[in-house]
Amino acid sequence: MRFASSVNKILFYWARKYRSVYFIVILLMISYLSCLFSLIVNNTPFYDPDTKLWFVNFSQNLGTGVLGGVITFLFLDAINLLRERYNELLSRLRSSVDDEVVSAYSIMKQEGWFSDGSLESADLSYCTLTNFDLENCNLSFSKLERCNLSFSTLTDARLLSVDFYRATLIGTVFENANLNQSRFRHSRIMKSNLRNANLTEADLSFANLSEAEMSNIVLRQATLIQSNLQDANLFKADLSGANLTFANLQNVRGLETASLVGCILPDQSKWTVNTDISQYTNPKHETFWRPPDDGALGSVWWLSKR
């Protein structure tokens with residue numbers, strides 16, 4: 001699918017440029033004029049049978065050679081045009097001017113750039129795409145540092161190993177998205193929808209996930225050191241092997257239904273079948289856990305945000 005899309009883009013962008021046509025015409029003219037010049041200089045009669053045969057063979061060989069050269073030239077020219085267009089649209093997508101962003105988004109959306117893999121490994125750092133429809137997008141391995149995707153829809157998105165460092169993702173919909181091994185360190189993901197999302201081995205350290213909808217989320221082997229999960233919904237979440245060291249679980253709902261096998265809890269103990277999980281979620285619990293004041297992991301950032 002990605003190959004077919006790339007071929008379509010190449011043909012489309014070349015068709016919009018006509019400079020290649022002039023090159024082809026000039027190349028053919030030079031070839032035939034050289035041939036005629038050679039015949040004239042050597043006083044060779046055009047009606048001679050050997051001359052006619054030679055001219056036919058020459059034309060056939062020339063046609064084959066020129067065709068190969070033309071195809072190669074057109075392909076390389078189209079690749080360059082596509083690269084120029086790609087860089088131009090990415091630059092406009094990162095623009096601080098709203099009209100430029102909307103225009104670039106519309107073009108890329110219409111041509112299927114978001115879903116066909118054209119933006120895999122793209123650098124979209126600092127872009128602002130709030131309240132945009134990015135459903136089924138493929139931005140795997142991309143760089144989205146400090147981007148703002150608040151209130152955008154990324155349902156069923158393919159976002160493997162994306163870097164969301166310090167991104168703003170308030171109210172963003174990631175339902176059913178594949179975020180395997182993505183990095184959200186210091187990101188703001190409050191009130192987002194991560195239902196059924198896959199965040200296996202993701203890094204959510206120091207992230208703010210307060211009031212997030214995370215039912216049926218997969219967080220196997222994920223890192224949530226000092227993350228803020230206050231008031232989040234973790235109904236039937238899979239936290240197997242996750243690291244919740246110094247995480248804020250106050251008023252988290254549904255954690256008693258989650259899979260916690262091998263999970264490291266906020267006090268750095270490991271979950272067992274006898275663990276009373278409410279001591280981490282219920283502030284009225286007689287042994288409600290609070291982070292120590294000995295600075296073992298430095299300042300616990302979410303304490304100052306209450």
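Quick note: the coordinates plus some simple rules give every number you see, no bench work behind them. Just so it is clear, the model here is predicted, and its values are computed rather than measured. Glycine also receives a Cβ, built like all others from the backbone with ideal geometry; neighbour counts cover every protein chain displayed.
Taking a Cβ cut-off of under 10 Å around S182, the surrounding Lys, Arg, Asp and Glu residues balance to a net charge of -2, with basic ones at +1 and acidic ones at -1.
With labels modelled as points extended 7 Å from the Cα through the Cβ direction, what inter-label distance (nm, one decimal) is found for N282 paired with R85? According to this spin-label approximation, the distance is 6.2 nm. The R253 and D156 beta-carbon pair, evaluated with R₀ = 30 Å, returns a calculated FRET efficiency of approximately 0.75. Calculate the FRET efficiency for D98 and V273 from the Cβ-Cβ distance with a Förster distance of 41 Å, rounded to the nearest 0.05. E(calc), rounded to 0.05, equals 0.15. Each of the peptides 259-270, 230-241 was scored by the mean count of other Cβ atoms within 10 Å over its residues; in descending order, highest first, they stand as 230-241, 259-270. Near K109, which aspartates and glutamates are there with a Cα under 13 Å away, not counting those fewer than 8 places off in the same chain? Cross-link targets: D133, E135. Seen from A167, the other residues with C-beta closer than 12 Å to its C-beta sum to a net charge of +4, counting Lys and Arg as +1 and Asp and Glu as -1. Please tell me which of these pairs span more than 21 angstrom C-alpha to C-alpha: K236/K270; K143/K191; K143/K236? Too far apart for the 21 Å limit: K143/K191; K143/K236. One decimal place: the segment N196-K236 gains 13.4 nm when fully extended, by the rule 0.36 nm per residue minus the C-alpha distance.
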